[in-house]
Amino acid sequence: MLLRRVGAQDPTREEAADMDLRHMRHFVAVAEELNFRRAADRLRMTQPPLSQSIRRLETDLGLKLLNRTKRSVELTEVGRAFLVQARRTLLQADFARKAALRAGEEASEIRISFMNAALYDILPRLVARHRERQPNVSLKLFEMPSPGQVEGLLSGDYDFGIILPGTPHTEHLDRLVIESTGFLAAVPDEWPIAQRDSVTLAELCKQPFIRPPERVDGRLTQPLALFEVIGMAPDIVQEVNQINTMLSLIGAGLGCGIVTASASHMHVRGVKFLTITDHPPDRYWQLQLVWNPDNFGTAAQAFLRMTKDLVSQGARAPATAKGAR
């Protein structure tokens, strides 16, 4: 009988585990490309070793994952099911590697992804407070849409993200509402209506209107949803993707728009912000700070405590801020 001391390394077992992950990476590439040549190019290897790797994986599993002919490659039903689990395993393995690397280093930086709208108010305040509280811990910031942030958080690339509520695939992330405010009308300051301090949604419907994308992640964007409440639709003259773009066009006199109250901090030339008098009280803008509890070091914990403190100091009920500029 061969006895091995508990805790002793088993090179054969370690090599087999590494081979398993390599086989999975090879399979995922073939499954996504459905072409051995393209998969080999993607993996930077030649086709014969790739074919051998897939056959070895199928042999180890005792299952047929692919139907292949000289002209086509197709996933079997078993292959489709295995693809889901293989992706998940590779993602978890990559997450574990990143977590181990970061744990072995001095906690000297925090990586935060964010969406553009966070720049209007909450993110600058967080950065300033962090520099006061943790001057020896650097911040690295990455601007991107909410879905890309979630992917990065789940894979261990970021410590925190600042996203919109309702973003898909966040069930395994913890969250904290860090901004909650209403909406303002933004109009060219040369328009007669700009001489006032407020406006109604019905009045905005009579003006040329610049809107954000109609839907984000399948949901009607919040400014457009405001008009649903009064059963009217604005006169759309232009669609934009960013609030910055909208404000620049409004300043040029192209039309008016509805923006988050925090956007009034931008002070764009030629733009006047007006309170919306019939703003529905249950419609407001929120941003969430989200994080992966499985990837949470000492520096990140301190940053979260600081954020909670900052938010509690400036907490207020969702409402339309009064803008005038």
_Matching residues, the stretch 111-121, being surrounded by 21 or more Cβ atoms within 10 Å (Cβ to Cβ) and in a strand (DSSP E or B)_ = Ile112, Ser113, Phe114
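Listed here are the residues, each with its yes/no results for (1) on the phi < 0 side of the Ramachandran plot; (2) surrounded by fewer than 14 Cβ atoms within 10 Å (Cβ to Cβ); (3) at pLDDT 50 or above.
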position	(1), (2), (3)
Pro11	yes, yes, no
Ala16	yes, yes, no
Val28	yes, no, yes
Leu34	no, no, yes
Asp41	yes, no, yes
Met45	yes, no, yes
Pro49	yes, yes, yes
Gln52	yes, yes, yes
*Which residues, taken from the stretch 51-97, are part of a loop (DSSP other than H, G, I, E, B) and either of a type in the set (Asp, Glu) or farther than 13 Å from Met24 by Cα (or both)?*
Gly62, Leu63, Lys64, Thr69, Lys70, Arg71, Ser72, Thr76
_Any residue at all in the stretch 53-65 that's among the hydrophobic types (A, V, I, L, M, F, W, C) and in contact with an Asp or Glu (Cβ under 7 Å, 6 or more places away or on another chain)?_
yes
*Taking the stated definitions as given, is Asp174 crowded, with 19+ Cβ neighbours inside 10 Å, modelled with pLDDT of 90 or more, charged (D, E, K, R) and more than 20 Å from Ser264 (Cα to Cα)?*
no
*Has the stretch 122-143 got any residue that is within 8 Å of the chain's Cα centre (by Cα), assigned to a loop (DSSP other than H, G, I, E, B) and of a type outside the set (D, E, K, R)?*
no
*Quick one: which of Arg71, Arg97, Arg131 is surrounded by fewer than 19 Cβ atoms within 10 Å (Cβ to Cβ), at pLDDT 90 or above and either within 22 Å of Thr307 (Cα to Cα) or of a type in the set (D, E, K, R) (or both)?*
Arg131
*asked:* Suppose we filter the stretch 164-184 for residues that are among the small types (Gly, Ala, Ser) and in contact (Cβ under 8 Å) with a residue 60 or more places away in the chain; how many remain?
replied: 2
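The values are calculated or read from the model by the stated rules, or taken from the named source; none is laboratory data. Model, not experiment: these values are computed from the prediction. We place every Cβ from the backbone using ideal geometry, glycine too, and count neighbours over all the protein chains shown.
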